[in-house]
Amino acid sequence: MDRCVVLVDAGYLLGAAASLLAKEPSRSRITVDHPALIQALRERAESETEQPLLRIYWFDGAPDRVPQPEHRRLRVMPRVTVRLGALTRSDGRWAQKGVDAAMHAELTELARNRACSDIVLVTGDGDLLPGLMSAKEHGVAVHLWAVQAADGDYNQSEDLVAEADERRVLDRAWITQAVRAKEIAGVCAPQPAPRPEIAAILSAPLPESALAAAAERAAEEPAAPQNGAAAGHAEHGGAERAPAKPGVPTPKDLAALHGPGAPLGAPGGASAGAPGGKEHTNATLRWSSDKGWIDRSGGPGAPVEHADIAALPTLAQLTTAEQRWADREEDITTVGGDPFEVGQVFARRWMARLPESAEVGKLSGMYPRIPHRIDGELLRYAARFGLLAHKDDQIDEHDRYAIRAGFWREVDVDVAEPAPSGD
């Protein structure tokens with residue numbers, strides 16, 4: 001049929017573009033305007049082949065073949081199909097697996113079925129040579145496009161170049177329509193200032209009595225190694241912390257304050273000097289993302305506002321089916337996946353759907369701690385954007401802080417805005 005198809009090896013296209021613009025093949029050194037890039041590919045393919053476009057196939061690698069934010073945006077664009085291979089890390093370097101095989105299969109299948117008259121290949125891998133030759137035998141014209149090499153030399157297989165029917169070079173002027181080199185902090189741009197919200201979350205206060213207990217324990221056992229089993233549960237996320245530093249209480253330290261047979265407020269379980277001599281034998285301690293720790297016995301130390309905070313509705317409870325569909329569309333087409341931005345988007349939706357604005361003020365008073373149920377939902381939402389990049393399926397600690405900082409920034413903006421007048 002008289003139409004063209006474009007097969008893009010994203011690893012080659014973006015890696016070569018990074019080498020050309022940033023002098024390094026790492027894709028992290030460039031920013032890509034994907035809609036502009038797809039439009040430029042379409043226009044050039046139709047111009048070079050003089051045929052209407054059937055489809056652009058975008059071949060790329062992803063950890064465990066899980067679509068990343070850029071893949072989610074690409075695959076909902078018109079006339080774009082995304083095919084993902086695996087992305088594995090070996091000897092400190094990332095490598096694609098299965099991408100070449102997928103391109104070869106698509107190339108030969110399109111030619112065999114006579115789905116198009118012209119195929120544009122944006123790749124440099126010689127492994128596609130058999131597929132290219134097969135397509136030619138089926139009467140398909142093969143156009144091979146190269147990205148301008150940074151050193152002026154070939155960045156494609158010479159055998160592939162020799163077999164192509166037509167060759168074109170995507171030069172610097174064409175590439176920079178949609179691709180830019182990132183500015184490097186300390187070289188091309190000043191070092192960004194640290195976000196105060198993240199610093200506040202990192203330095204969230206703990207009960208003074210707990211700090212005192214930890215200090216006493218550290219003084220009694222200065223040489224004792226930290227027990228990894230007693231390491232505290234990470235706030236909000238439930239992930240295991242590293243062993244606590246001296247002076248930072250663990251749940252075990254806090255349990256010593258209110259353990260069985262220990263009077264409330266007496267460190268180490270000593271009963272002497274207890275206020276009123278009363279023992280709390282049934283005190284139960286729970287580590288909480290809300291307050292660091294909670295005395296569930298209802299004693300003098302129990303936080304009275306905990307029940308109100310726990311009653312705050314989650315975003316899922318506030319979202320209708322129509323809103324859920326609209327949220328998904330926005331996530332795919334608009335949200336970039338930056339951890340700070342993800343926290344802002346979540347908070348914006350949650351606050352907009354609250355039936356009472358007073359709930360936001362109630363939450364604001366808890367800063368920098370987020371209620372456990374809402375925090376868990378926030379992190380599950382963030383996982384949609386490919387932030388679970390670790391073997392233990394836990395979001396990176398720095399990303400978790402950035403997600404929560406974005407959440408609080410949006411809450412602060414909402415609280416600071418004056419309420420609309422009733423006129």
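Read-outs throughout are calculated quantities, based only on the coordinates presented, and are distinct from any laboratory measurement. Since the model is a prediction, treat every value here as computed from it, not as a measurement. Heads up, the Cβs are rebuilt from the backbone with ideal geometry, glycines too, and the neighbour counts pull from every protein chain shown.
For A146, nonlocal amide neighbours, meaning residues 5 or more places apart or on other chains whose placed amide H falls under 5 Å from its own, are R168, V169, L170. Each residue of region 63-77 was assigned a 3J(HN,Hα) from its phi angle through the Karplus expression (A = 6.51, B = -1.76, C = 1.60, θ = phi - 60°), giving x, 6, 6, 8, x, 8, x, 5, 5, 5, 6, 5, 6, 9, 7 Hz with x at Gly and Pro.
Residues within the reach of a label modelled at S47 (point 7 angstrom out along Cα to beta-carbon, backbone nitrogen below 20 Å), restricted to region 142-172, are 142-149, 166-172.
For G98, what charge total do you get from the other residues with a beta carbon under 14 Å from its beta carbon, if Lys and Arg give +1 and Asp and Glu give -1? It works out to a net charge of -4. Counting other Cβ atoms within 10 Å as a rough exposure proxy, the listed residues M1, M351, M133 run M1, M133, M351 from fewest neighbours to most.
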